[in-house]
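The values are calculated or read from the model by the stated rules, or taken from the named source; none is laboratory data. The structure presented is a predicted model; accordingly, all values stated were derived computationally and were not measured. Here the Cβ positions follow ideal geometry from the backbone for every residue, glycine too, while neighbour counts run over all protein chains shown. Each accessible area value is taken on the protein alone, full model and side chains, heavy atoms only, with ligands, DNA and RNA left out. Shrake-Rupley method; radii C 1.70, N 1.55, O 1.52, S 1.80 Å.
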Amino acid sequence: MRDVLSWTWLSVRLGAASPYLNPLLEHFASAADIYEADRGALAAVEGIPESVCLRLCDKDTDRAERILADCKRLGIGVMTYDDPRYPRLLKQIAKPPAVLYFVGKPIDFDRKLGVAVVGTRTMTEYGRDVTYRFSYDLASAGAVVISGMALGVDGMAAAGALDAQMPTAVVLGSGLDVVYPKMHAKLYKCILRDGFAVSEYPPGAEPDARNFPQRNRIISGLARCVLVTECPEMSGALITAREALTEGKPLFAVPGAVTMKGSAGTNELIKSGSARMVTTPADILDLFEAAHFPELDASAVGLMNYNAAKAESTYSVATKTSKLSWSKVRRKKPESAPDDSPDTIRESSVPKVTEAFVPMSETEKKIYACIPEEGQVSVDLIAAGSGCADRSACPDLQGRGQAAARQLLYKSLTACRARG
């Protein structure tokens, strides 16, 4: 059996962000050996549940073969865990992907200084300017700027590196043939001219809320450090920040005005001691020894008259508006759009917009403030974060039993989701 097929089969069976790849590879020498293993041999692997054993006993490779055929047709490369090009840095994370799909020229992340630049999708003008400046200077100095190509800060990070005429890397939460967000189609095209895009999701995979937290571990895994330029208290960027701290990597944050909600997350990272405050790219570059990264040239920092607004326009970088404003412009998917269109989100995943605007109750406002920008969160965490776990703090919940209060909380959360 061809190695690339066995690895692709294994990635299909385990799924994204699987915690079982490392235990399997400690027991078996290769994906081919895992493929050949029977149920008894698989059950002998410590920490592998019965459900995973059953999936691995399914030796059907049709799905894997279709994925590889799609990759060949679309010009997408396949980098397996045992490929010499697979970054050693990525093997050190808790849940490394069995397979990486890529387009562009692979970057040697083990020898380059990779800096993950992350932040909010609801980027302010301040966030735009500092993200562009840091990304431009870091790329000019020889670092590789890594981002997720999301709205806001991610897109601006890529734009800064592109303006420096240096390759940049993006990690997608969808198949590489699926442009998401659609507004960054031009930016993605520019990135692929000289840069590198990678995903653990096969061609045709549509974006899904769960994909983005999973993607963030790869962004952090490829980098030597993580920089948060702007984010509120509840942001998907903080997932990447936590991954960096878990992996023992330096975490940096750019401070913002205490009156700016968009900088509340970065300010808290600094205040808590989780992140080092940086005000110039040199603060990051000085931490890394030139002997380890001979291509770095810190003298390139600060030589440009920055024009973030021009770059934003040049690469069509889009920013998410506030959740309340965004709800007003959402529309149904056109009837002519096919259900399986690779670059659209299915209509069922987009909340319907009502004609009349109904103001939020005080409880809903508290819940709304705790909804993260990306990913999923449980009702219990929303209750704790909003203070609604204490029914006396929420007038809407007073006098209700636990079950009734939980039901109202869930309805309020649903209403907030529909409006935002």
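For this structure, a couple of remarks:
- Rule-of-thumb Rg ratio for the range 1-94 [Cα; 2.2 N^0.38 Å; N residues]: 1.07
- Mean projected area (nm²) of the alpha-carbon convex hull when the range 38-138 is viewed from all directions: 10.3 nm²
- The range 246-280 residues near the modelled MET183 label - backbone nitrogen below 18 Å, point 7 Å along Cα→Cβ: 262
- Note on GLU295 and ARG210: their simple-model spin labels are 3.7 nm apart, each label 7 Å out from Cα toward Cβ.
- Carbon plus sulfur fraction of accessible area for the range 158-260, probe 1.4 Å, in percent: 53 percent
- Semi-axis lengths, Å, the range 213-331, gyration tensor of Cα atoms, sqrt of 5 times eigenvalues: 27, 20, 15
- Atom-type composition of the exposed protein surface of the range 25-97 places 47 percent of the accessible area on carbon and sulfur (1.4 angstrom probe).
- Solvent-accessible area per residue, Å², over the range 206-293 with all protein chains present [probe radius 1.4 Å]: 42 Å²
- Accessible surface, the range 120-179, averaged per residue in Å² (probe 1.4 Å): 21 Å²
- Pair-distance distribution of the range 85-235: all C-alpha pairs, bin width 5 Å, starting at 0; shares per bin in whole percent are 2, 11, 21, 26, 22, 14, 5, 0.
- The share of alpha-carbon pairs in the range 42-98 lying farther apart than 15 Å comes to 68%.
- THR246 accessible area, 1.4 Å probe, all protein chains in place, Å² to nearest 10: 120 Å²
- Cα centroid separation, the range 205-220 to the range 222-280 (Å): 19 Å
- Considering only Cα atoms, the convex hull volume of the range 119-168 works out to 52 Å³ per residue.
- When ASP83, ASP286 are compared by accessible surface with a 1.4 Å probe, the order from highest to lowest is ASP286, ASP83.
- Within the range 96-246, percent of DSSP bridges classed antiparallel, to nearest 5: 25 percent
- Computed packing ranks the peptides 268-276, 234-242 as 234-242, 268-276, most packed first, by mean other Cβ atoms within 10 Å.
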